[in-house]
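A short worksheet on the structure shown next.
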Amino acid sequence: MDQIVSRRDFLAAAGAGVGLAAAGASLGQVGQVRQEPRRIEVAGPLARPAVIASGNGREAARLAYEMLLAGADPLEAAVSGVALVEDDPEDSSVGLGGLPNEDGVVELDASVMHGPTHRAAGVASLRNIRNPARVALEVARRTDHVLIVGEGALRFAKRVGFQEENLLTDKSREAWLRWRSTLSREDDWLQEDEWDLPPDARTGRRAALEVPYTTGTVHCSALTAAGDLAGTTSTSGLSWKLPGRVGDSPIIGAGLYTDNAVGSAGATGRGEAVLQVCGARTAVMRMEMGDSPEDACLYVLQMIADRTRFKRLQDDRGRPNFNVTMYAIRKDGAFGSAAMLPGATYAVCDAQGARVAPSRALFE
Ligand code: ASP
């Protein structure tokens, strides 16, 4: 008689039996090579709960911290904090008001990772939904997948109740129009100094034809009083990117990584560089090996600097000409941040309140 096997049972059986048999391994052998993560020793008074965030995330850190005090799950707290930044039309690096791709369309990427369950998920190239981190959380909560992109991510978001909206604000559309008009004097978009007609009263002619180019993202990692961790990273990516370009933010191990036995880390800045060194995973691994959070961040930046070989990405001293900022928090509440170049900041909230501090620079 035929047996009816659910897809989930089939996958579990395939994973446990067929995969191991093919590899010639028994469960015992697998158990022998498995290594538990090194436990972080907690020394001194516990600095928990605590929240670290990117420099644009002070209010995110504050809200997440308050939610932790009230007993919230650390991922719910981090995602709720980050939603404040995603909802802010003045922050052009994320969510509503994020700078669009080269077609003038805002495409968002985000990831979440929950330490206690080691569950991670991301969405990429998501259009028309202002809170991609919340969508990533729903991917983690409601599906068996880790990454959903583009049209599929939008359909998923709508199915679970997110509302579509136009994420371009007047400000971000104006910025895109200015960028578009400066691309060439050969195409049919006139630059402002070529206009024959006066500008409309609403936008006004801008004397300086400055076109913003942003990198920017919001990251938040939260640590509960009990020592549970979670993190989220959310971004509109690089402004004027090629449609469909995906950076580090939605990629687990690059823009975000959380290990409940060790710590949580995130990245902002040039995603291409972070992706190519598995930045956040590397930072957590360095903390597991004994680095302080700041040293773990510096290690990742040095890795990037050592591997930046193209002249177009170097300054005249051969150093990277782009910024990356790393953020890390350890299970005991120690935290730190470092950036490739000076000027970057991070936010933190603990018993001393919410504040923004300078990130340590690899190159002063
Ligand atoms: N890391 C983001 C990305 O590459 C952008 C940023 O943080 O500026 O998409």
Ordering 109, 88, 196 by how much accessible area each has at a 1.4 Å probe, largest first, what is the list?
196, 88, 109
In order over region 144-152: 3J(HN,Hα) from phi, Karplus 6.51/-1.76/1.60, θ = phi - 60°, whole Hz, x for each Gly or Pro, gives 9, 9, 10, 9, 10, 10, x, 4, x
Can you give the accessible area of residue 155 in Å² (nearest 10), computed on protein heavy atoms with a 1.4 Å probe?
120
Region 69-197 - convex hull of the alpha-carbon atoms, volume per residue in Å³:
126
How much accessible surface does residue 176 have with a 1.4 Å probe, in Å² rounded to 10?
40
Amide proton proximity set for residue 308, modelled H, under 5 Å, gap of 5+
none
Give the carbon-plus-sulfur fraction of the accessible surface of region 319-361 in %, rounded to a whole number; probe 1.4 Å, heavy atoms of protein chains only.
50
How about residue 311: which lysines have a C-alpha closer than 30 Å to its C-alpha, ignoring those fewer than 8 places off in the same chain?
241
Mind checking the per residue accessible area of region 72-182 for me, 1.4 Å probe, whole number of Å²?
38
Mind ordering 112-120, 316-324, 158-166, 350-358 by average Cβ neighbours within 10 Å, highest first?
112-120, 316-324, 350-358, 158-166
Using only the heavy atoms of the protein chains and a 1.4 Å probe, how would 171, 331 rank by accessible area, largest first?
171, 331
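The values are calculated or read from the model by the stated rules, or taken from the named source; none is laboratory data. Because the structure is predicted, anything quoted here is derived from the model rather than measured. Cβ sites come from the backbone with ideal geometry, for glycine too, and all protein chains shown count toward neighbours. Side chains are part of the model used for accessible areas, which takes the heavy atoms of the whole protein and leaves out ligands, DNA and RNA. Shrake-Rupley method; radii C 1.70, N 1.55, O 1.52, S 1.80 Å.
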